[in-house]
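Trainee: This is the structure I have questions about; it appears just below.
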Amino acid sequence: MELPRIGPDRFTLHIQRTGGSFAAYVLRIHQAENDDLPPRLVPRYTLHTRFRDEQEAYRAGIEVARKLATGELSSDSESISEKVGHYRIKASAAFRLDQHKWEPQLLIESRKPENKGSVQDVSATPNALRLNLFPEASSASKFALEYGRRMVQDAISGLKI
């Protein structure tokens, strides 16, 4: 359900009936009015209240959109990091607009003296990591962390730093 546009951002409200109440989340889609293609990954904010009806959820969604646009709220995020050998693995999750699921995100930073600080964004290239989508952000982040561990241990190819 479309919410009012605020500047270059579109906001959509997604409502799910769970038993006798409604759960909802808001997506912030940074897209100019004349732009036909929305971004692949978008910020998501879960409304942590159960609503009696869709109108109540819609009113709350409008308020959340306003707060996201002004910076009073930030979107849901899930990230974990771990040092493995000479690397720091940073795993997180981003919400896929086309699938309405969480996609694993992975950065690997070298701590080796010869290239300390070099970062490889594993999520930026098409690979098996991007093919796995999850209903929960925490599951996507944990999968990315495990994928990163296997890369730095040479169990999965693709490490370039």
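The values are calculated or read from the model by the stated rules, or taken from the named source; none is laboratory data. Small disclaimer: the values here were computed from a predicted structure and weren't measured. Reconstructed Cβ throughout: ideal geometry from the backbone, glycine too, with neighbour counts over all protein chains shown. For the accessible areas, the whole protein counts, side chains as well, though only heavy atoms, and no ligand, DNA or RNA atoms are used. Shrake-Rupley method; radii C 1.70, N 1.55, O 1.52, S 1.80 Å.
Trainee: Please enumerate the residues belonging to segment 23-39 that are farther than 19 Å from GLU136 by Cβ and either among the polar types (S, T, N, Q) or touching a residue at least 24 places away in the same chain (Cβ under 8 Å) (or both). Spell out the reasoning first.
Mentor: To start, the set of residues in segment 23-39 that are farther than 19 Å from GLU136 by Cβ comprises 28-39.
Selection gives ARG28, ILE29, GLN31, ALA32, GLU33, ASN34, PRO38, PRO39.
Trainee: Also, quick follow-up: If I ask for residues that are closer than 10 Å to ILE62 by Cα and open to solvent by less than 40 Å² (accessible area, probe 1.4 Å), which ones from segment 1-17 would you list?
Mentor: LEU3, PHE11, THR12, LEU13
Trainee: Let me ask something additional. Those residues that are of a type in the set (S, T, N, Q) and within 20 Å of the chain's Cα centre (by Cα), I need them from segment 103-139; list them, please. Walk me through how you get there before you give the answer.
Mentor: So in segment 103-139, the residues of a type in the set (S, T, N, Q) come out as 105, 110, 115, 118, 120, 123, 125, 127, 132, 138-139.
Result: GLN105, GLN120, SER123, THR125, ASN127, ASN132, SER138, SER139.
Trainee: Check off (1) in contact with a Ser or Thr (Cβ under 6 Å, 6 or more places away or on another chain); (2) under 24 Å from ARG28 (Cα atoms) for SER118 and give me the number that stays unchecked.
Mentor: (2)
Trainee: Also, quick follow-up: Are any residues in segment 18-37 loosely packed, with under 13 Cβ neighbours inside 10 Å and under 22 Å from ARG52 (Cβ atoms), and if so, which ones? Step through it out loud before you land on a result.
Mentor: Going through segment 18-37, the residues loosely packed, with under 13 Cβ neighbours inside 10 Å turn out to be 18-20, 32-37.
Those that are loosely packed, with under 13 Cβ neighbours inside 10 Å and under 22 Å from ARG52 (Cβ atoms): THR18, GLY19, GLY20.
Trainee: Looking only at segment 11-27, count every residue that is of a type in the set (D, E, K, R) and at positive phi and tell me the total. Can you show your working first?
Mentor: Our first condition is that a residue be of a type in the set (D, E, K, R); within segment 11-27, this holds for 17.
Add one more test, that the residue is at positive phi, and what stays is none.
Selection size over segment 11-27: 0.
Trainee: Right, another one. Could you tell me which of the residues LYS116, LYS101 is closer than 23 Å to TYR45 by Cα and open to solvent by 30 Å² or more (accessible area, probe 1.4 Å)?
Mentor: Details: LYS116 fails: closer than 23 Å to TYR45 by Cα.
None of the others qualify; the one that does is LYS101.
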